[in-house]
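Only one structure is covered here, and it is reproduced in the block below.
The values are calculated or read from the model by the stated rules, or taken from the named source; none is laboratory data. Computed from a predicted model, the values in this text were never measured in an experiment. Virtual Cβ from ideal backbone geometry, glycine too; neighbours counted across all protein chains shown. Ligands, DNA and RNA are excluded from the accessible area calculation, which covers all protein heavy atoms including side chains. Shrake-Rupley method; radii C 1.70, N 1.55, O 1.52, S 1.80 Å.
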Amino acid sequence: MTIGALKNYRRIVIKIGSALLVDRAQGLKQNWLTSLAADIAALQAQGVEVLVVSSGAVALGRTVLGLPSGTLKLEESQASAAAGQIALAKAYADVLGAHQIMAGQVLLTLSDTEERRRYLNARATIETLLKLKAVPVINENDTVATNEIRYGDNDRLAARVATMIGADLLILLSDIDGLYTAPPHKDPNAQFLPVVEAITPDIEAMAGAAASELSRGGMKTKLDAGKIANAAGTAMIITSGTRMNPLAAIDRGERSTLFKASDAPVNAWKVWISGHLDAAGQLVIDDGALKALKSGKSLLPAGVREVRGDFQRGDTVSILNLEGREVARGLAGYDAADAVKIAGHKSGEIEEILGYFARSSMVHRNDLVIRGSRAQGAASAEGEMCNAG
C-alpha cells in the first residue's frame, strides 16, 4: 500500500475478528478498540465513509456470563450473543462518541442478504446511517441464527456487506499480516505476497485452515470473501489487527496484502446472484455449453449433463464443468424435477417432454455470472432498485 492511501477510498468496510476484540480472561480489549476508533475518526475527517463488521458478541458474552472454555451448545452460544451484543454495542458507542461520531447497530442473518427484498431493505438502512454520518456497526444476529442458516464467519458477511453497499475497499483485520505462499507457522520458507492480482486456484491452494476458539474463520474464508468482493469491484486488504491503530499502520506502509478488484466488475443484479453463499443445486455442463456461456449466451438444456439438488425456479444454482469446478452461478429457470427431465434435450423438445413450454434456457444469460468474468459493466444502485420490482 502507498503511504496515506486509505484516504483515497470513498467507502471502506472494516472487519474485526473476535480474537482482536476480546481476551478470554480479561474481556474487552478497551485500549485497542479506542485506538481503532481514533483511526476511524481520522478517516471520516478526510471524507471517507466507514462501516465496521464486528465479531465479538459471543466471545464477550461468554466472558460476561462466566461460561467455561470449549465448544458451546447452540442455546449457550445464542445466550452469549444476547448478553455480549449489548456490551459490544455500548463499547462502540462510547469509543466513537468520544470523537462525536454516532454508532448504529445493524444485526443481519444469512436470509437478510440472500432474500432480495430483505437485502434491499438492509442496504437502505445502512445507506441512511452513512448519509447521517453515523458508523454502522454490523454483526451476524447470533441470537437467532442456527448452524444451518448462518454465515458461520464474518469474513464472508463483511464481503457481502461491502458489495451490498458498493464499498471500494474491504479491510480484514486478522492475526496474520497478509497472504503467504504457505501457512508461515508451518513452513519457514513461506513467502509473503504484497499484491494479488486475482484469486486463482493456485492462490486458493495457499490458504491454511487455522482458526481459534474465538474465531471460526481461517485464510480460506478470507479468500472466499475476496472472491465475492473482488468480482463486484471491491478491493480487499488482509493485514494484522494485533497492533494498536491498525488502520494507521496500513497507511504507514506496514505489511499487508492487497487483493485487486476486477477492472470490469459484474453489474449490481449479478453481484447479488454471485454473492450467494450456498447454491440450492448444481448443474453439470459439457464443454460446448461452457464455451457458449463464456461467449455471453444463456445455458440451454442441451448442454446440461447432470442436475443435482432439490431447487425451485428462481433459486441460485452452481454451474460446474465436467471436472466438477464451479464455472458460473445463476438463477434456475426451472424447478429441479423439470430440469432433470429436459437436461440434454434441445429447446424445441421441452414442450413435448413437460407438456408446457416456459422458456428455452435452463439459466438465462441475464441471470448468470461467469466466475472471473470481466465482461459485465457496473450498474447504478438506482438501476438495481428498478430491476428489483
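List of remarks:
- Using a probe of 1.4 Å, the accessible surface attributed to Met102 totals some 140 Å² when neighbouring protein chains are kept in position.
- Centre-to-centre, using Cα atoms only, the stretch 287-335 and the stretch 1-62 are separated by 40 Å.
- Pairs from the table (Lys90/Lys220; Lys227/Lys291; Lys73/Lys131) lying more than 28 angstrom apart at Cα are Lys90/Lys220; Lys73/Lys131.
- In percent, rounded to a whole number, the relative contact order of the stretch 56-101 is 49, using alpha-carbon pairs under 8 Å and six or more apart.
- Length-normalised contact order of the stretch 49-130 in % [C-alpha pairs under 8 Å, at least 6 apart]: 25
- Highest average first, the peptides 60-68, 82-90, 10-18 ordered by how many other beta carbon atoms sit within 10 Å of their residues are 10-18, 82-90, 60-68.
- Under 22 Å from the Cα of Lys222 - lysines, other chains or at least 8 residues apart: Lys15, Lys186, Lys260, Lys270
- Rounded to the nearest 20, the size of the Cβ-charge dipole of the stretch 1-149 about its Cα centre is 440 debye, with Lys and Arg at +1 and Asp and Glu at -1.
- Note on Leu354 and Glu204: their simple-model spin labels are 3.0 nm apart, each label 7 Å out from Cα toward Cβ.
- DSSP beta bridges in the stretch 1-114 [antiparallel fraction, %, rounded to 5]: 25
- The accessible area of Leu132, taken with all protein chains in place and a 1.4 Å probe, comes to roughly 130 Å².
- Taking the stretch 152-174 and a reference point 7 angstrom along Cα→Cβ of Asp278, the backbone N atoms nearer than 14 Å belong to 152-153.
- Taking 7 Å steps out from each Cα toward its Cβ at Glu197 and Arg308 produces label points 3.2 nm apart.
- Label separation (Asp287 vs Glu323): 1.2 nm, computed from points 7 Å beyond Cα along the C-beta direction.
- When DSSP beta bridges are restricted to pairs lying wholly in the stretch 283-359, around 80% turn out antiparallel.
- Probe 1.4 Å - accessible area at Lys297, Å² to nearest ten: 120
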